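The values are calculated or read from the model by the stated rules, or taken from the named source; none is laboratory data. In this text the structure is predicted, and so the values were computed from the model without any measurement. We place every Cβ from the backbone using ideal geometry, glycine too, and count neighbours over all the protein chains shown. Calculation scope for accessible area: heavy atoms of the full protein, side chains included, ligands and nucleic acids excluded. Shrake-Rupley method; radii C 1.70, N 1.55, O 1.52, S 1.80 Å.
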Amino acid sequence: MFIERPPEWIRRKLNGALFRMEEGGGKRVYLTFDDGPIPEVTPRLLDLLDSYGIKATFFMVGDNVRKYPGLYEDVKRRGHRIGNHTMHHLQGLKENCERYVADVKEASGYLGTDLFRPPHGWLRKSQFSILSRDYRIVMYDLVTRDYSKRLTARDVFENVKRYSRPGSIIVFHDSLKSLPRLFDALPRSIEWLRDNGYEFGVL
């Protein structure tokens, strides 16, 4: 529970960050994908989303965009939103404020977005305060844990079923770690959400 859905004390600590969308009585969720783009996963993922007519938000690592600019352009061309996920996938708690902010700014040179999500979902208050001046800090209401070797695709799908609610910002990953589970868990999750009356929005 602590991992899959951020507790209230974290939401209070990062007051002003976006954890969940206000839906006003509707049933909509927001798919997001972290850590890409990479050729082993992202093109197949884009085709899958196209097959369902779903648009999502991709929080990209700047160094991956540097390596694979064509994938970045393809994500945009297909109508998805882009977010910043640092240049080198830095974990905020392990970096001083100056280095962390500089890494985010470096990624901005490749990404051109006002959305930012910290890798691992952690950043220092000082980092948050500075980055909030230029970016909308987007956290999440549910991280599926599709990256975890300890989970099966069924476990990932069960996390979606258990923790999804109206307005949920849901995190999957277009990464090598998620690959063994993603393309089994994601279609099942999309179909379950649709069967339960959810629509899919873009941040």
Contacts under 6 angstrom Cβ, first residue in region 88-116 being modelled with pLDDT of 95 or more, partner open to solvent by 10 Å² or more (accessible area, probe 1.4 Å) and of a type in the set (S, T, N, Q), 6 or more apart
C97/S126
Determine which member of the set E22, E40 is more than 16 Å from the chain's Cα centre (by Cα), modelled with pLDDT under 95 and surrounded by fewer than 24 Cβ atoms within 10 Å (Cβ to Cβ).
E22
